[in-house]
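The values are calculated or read from the model by the stated rules, or taken from the named source; none is laboratory data. Computed from a predicted model, the values in this text were never measured in an experiment. Neighbour counts run over all protein chains shown; Cβ positions are idealised from the backbone, glycine included.
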Amino acid sequence: MPASKAKSKKVAAPAKDSRGPRRRKAAPAPVLLVLAGPAGSGKTTLCERLVAEAEGFSRVITSTTRPPRPGEVDGVHYHFLSPAQFDAKVEAGEFLEWAWVHQKNRYGTLASSVLGPLSEGRSLVINVDVQGVENFRMAARANPLLAQHLATVFINVPLDELRKRMETRGQDSDEEIARRLGTAERELREIDRFDFVIESTTRDRDFKALLAIWCKVQARVRKAMTMTTQ
């Protein structure tokens, strides 16, 4: 009995794309955007929106000795530490930077929460005070990975507008507002040391300005990465 012959299935050749071969969209270059600005400048909102709407961003979760505010969750908004816990991590050299803020609480960034993600190609955004930014600059001088990916951004708001925002927020006493405005005056003296400055107007305009900065930093980082691989 003759062997049966398998019928080959004809497959139509794919239609040629007149537009030519498609280029793969380049993955965003990993960056570390460090935002600073006075209390009430909207830097926290900008960080949260960047994580929610921009590709590949995570927010660095910092540590603090201040108590949680209503609605804040440990490990999500901050790592809330007792002064003794904070001291132990400082002694162990676990912080990339830390500083006193408003002369009563400490804030800090764990080195592992920044260097690990950057080495894996992930972008990060963080908001700190101007002391924290200076500590990032110092760390970058000793760490080539950090230096290559770091960019600092200051959110500038007139003092009268700051007072109005804090009063509208309704979270702080008159004494606390006065202390924060005093801190803001000192922070404004550092504005010329930042890589970029956003003159705050509205939330949408501020975010659009931050996206433009991200694009510029990506281009710089991508160029630096290309040069190091050649």
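Would you mind stating whether ARG69 is touching a strand residue (DSSP E or B) at 6+ places or on another chain (Cβ under 7 Å) and within 25 Å of GLU175 (Cβ to Cβ)? Don't jump to the end; show me each part of the working.
On the way: touching a strand residue (DSSP E or B) at 6+ places or on another chain (Cβ under 7 Å): no; within 25 Å of GLU175 (Cβ to Cβ): yes.
It is false that ARG69 is touching a strand residue (DSSP E or B) at 6+ places or on another chain (Cβ under 7 Å) and within 25 Å of GLU175 (Cβ to Cβ).
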Output the number of residues of the stretch 114-140 satisfying the condition of being touching a His at 6+ places or on another chain (Cβ under 9 Å) and more than 18 Å from VAL153 (Cα to Cα).
1
Candidates ALA147, ALA111, ALA142, filtered to the one that is more than 22 Å from ARG193 (Cα to Cα) and either among the aliphatic types (A, V, I, L, M) or at pLDDT below 90 (or both):
ALA111
Per the filter on the stretch 49-76, residues of a type in the set (A, V, I, L, M) and assigned to a loop (DSSP other than H, G, I, E, B) are ALA54, VAL60, ILE61, VAL73, VAL76
Limited to the stretch 75-99, what total is found for residues that are exposed (fewer than 12 other Cβ atoms within 10 Å of the Cβ) and either closer than 27 Å to ARG203 by Cβ or among the polar types (S, T, N, Q) (or both)?
3
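If we keep just the residues of the stretch 99-119 that are within 16 Å of the chain's Cα centre (by Cα) and not small (Gly, Ala, Ser), which is nearest to THR65 (Cα to Cα)?
Only one residue fits best here, namely TYR107.
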For ARG122, indicate whether it is charged (D, E, K, R), at pLDDT 90 or above and within 14 Å of the chain's Cα centre (by Cα).
yes
Which numbered condition in (1) small (Gly, Ala, Ser); (2) at pLDDT 90 or above; (3) touching a strand residue (DSSP E or B) at 6+ places or on another chain (Cβ under 7 Å) is the only one that ALA84 fails?
(3)
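Looking at THR168, THR228, THR202, THR183, can you tell me which residue is modelled with pLDDT of 85 or more, of a type outside the set (A, V, I, L, M), more than 21 Å from TYR107 (Cβ to Cβ) and over 17 Å from the mean Cα position of the chain (by Cα)?
Numbers: THR168 fails: modelled with pLDDT of 85 or more; THR228 fails: modelled with pLDDT of 85 or more; THR183 fails: more than 21 Å from TYR107 (Cβ to Cβ).
Matching residue, one of THR168, THR228, THR202, THR183: THR202.
Filter the helices (runs of 4 or more DSSP H) completely within the stretch 101-220 down to those with at least 2 residues that are buried (at least 17 other Cβ atoms within 10 Å of the Cβ) and of a type in the set (Gly, Ala, Ser). It would help to see each step written out before you state the result.
Details: elements: 112-119, 130-142, 144-149, 159-169, 174-188.
Hits in the stretch 101-220: 130-142.
Okay, residues lined up against (1) under 29 Å from LYS104 (Cα atoms); (2) modelled with pLDDT under 90; (3) of a type in the set (Gly, Ala, Ser):
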{"position": "VAL11", "(1), (2), (3)": "no, yes, no"}
{"position": "LYS16", "(1), (2), (3)": "no, yes, no"}
{"position": "ALA29", "(1), (2), (3)": "no, no, yes"}
{"position": "GLU53", "(1), (2), (3)": "no, no, no"}
{"position": "THR65", "(1), (2), (3)": "yes, no, no"}
{"position": "GLY75", "(1), (2), (3)": "yes, yes, yes"}
